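First up is the structure itself, then whatever we jot down about it.
The values are calculated or read from the model by the stated rules, or taken from the named source; none is laboratory data. This structure is a prediction, so every number in the text was calculated from the model and none was measured. Cβ sites come from the backbone with ideal geometry, for glycine too, and all protein chains shown count toward neighbours.
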Amino acid sequence: METTHTTPLAKWARFMEIIIPAYMFGKSWSIADEKTVDLFRAEFPPFLIDLAEYLKGLAGAGHDSPLGRFYASYAGAIIGIGIVVILAMVMHLIMRDRKFIDSLRFTSVTLLPLAILNGTLSHVMKTLLKNVSAATATEEALTQAAYTTPMNQSMMFFLFYITALWFMGRRTGLPRKKRIAVVIVGVAFIGVYIGAGLLITPSEWSVLLPKLMQSVSAAQ
């Protein structure tokens, strides 16, 4: 008699492969506080930050309370999951060789590099004002920390994302032409994300830098 082996947690594992990257992708948009919200609006698409702040406001989540910080993470995650679902719909139209839930899983898992990028950028924004002093907050130091370094790091994570799309497609049996199409969608998604306001532009930095230096001086 043939024995069938089952893994009880397999379905939950596949579910978490969808939820965790989407959670990580969106979490960063909702952890700004009063001191850093302007930096977050410059570093990320402003409408995403505003939407996350609106969702937090609906529940009256304070920035400093444990409940407020808990809900703040989930406010951004809700937005992140929504964006992943929309992107998965586009990917599903291209792949057409699997169930939508599998296309959603593919989209979410391959999005991990951008989720890590969002986390890196938000960490920089959150810790920037805490770790600098009036003595070290020179124009060059702040520009390197908040503008130049994030810009360089983002290029690396964009490359990781495109690489993940290609090799995940090959691993899951996606034909070469469809893998190319999936990569094109990924590049387009990066372009839309940047066009919507990801990363600080030179004009934004010229406005933010004086405010940032003033905030650091006032905090001392």
(1) modelled with pLDDT under 95; (2) surrounded by 14 or more Cβ atoms within 10 Å (Cβ to Cβ); (3) within 27 Å of residue 86 (Cα to Cα) all hold for residue 36 apart from (3)
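Here's the yes/no breakdown for (1) under 20 Å from residue 193 (Cβ atoms); (2) at pLDDT 95 or above; (3) among the β-branched types (Val, Ile, Thr); (4) loosely packed, with under 13 Cβ neighbours inside 10 Å:
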| site | (1), (2), (3), (4) |
| --- | --- |
| 53 | yes, no, no, no |
| 68 | no, no, no, no |
| 97 | no, no, no, no |
| 118 | yes, yes, no, no |
| 123 | yes, no, no, yes |
| 132 | no, no, yes, no |
| 136 | no, no, yes, yes |
Kindly provide the set of residues from region 34-54 that are outside any helix (DSSP H, G or I) and touching a helix residue (DSSP H, G or I) at 6+ places or on another chain (Cβ under 8 Å), ordered by number.
35, 36, 44, 45
Total residues in region 99-116, condition among the small types (Gly, Ala, Ser) and either surrounded by fewer than 15 Cβ atoms within 10 Å (Cβ to Cβ) or touching a Gly at 6+ places or on another chain (Cβ under 9 Å) (or both):
1
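Mind listing whichever residues of region 182-197 are of a type in the set (A, V, I, L, M, F, W, C) and within 16 Å of residue 151 (Cβ to Cβ)?
190, 194
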Could you list all residues from region 162-220 that are of a type in the set (Lys, Arg) and either outside any helix (DSSP H, G or I) or surrounded by fewer than 17 Cβ atoms within 10 Å (Cβ to Cβ) (or both)?
170, 171, 176, 177, 178, 211
Scanning region 166-213 residue by residue, the ones that are of a type in the set (A, V, I, L, M, F, W, C) and farther than 16 Å from residue 93 by Cα total 17
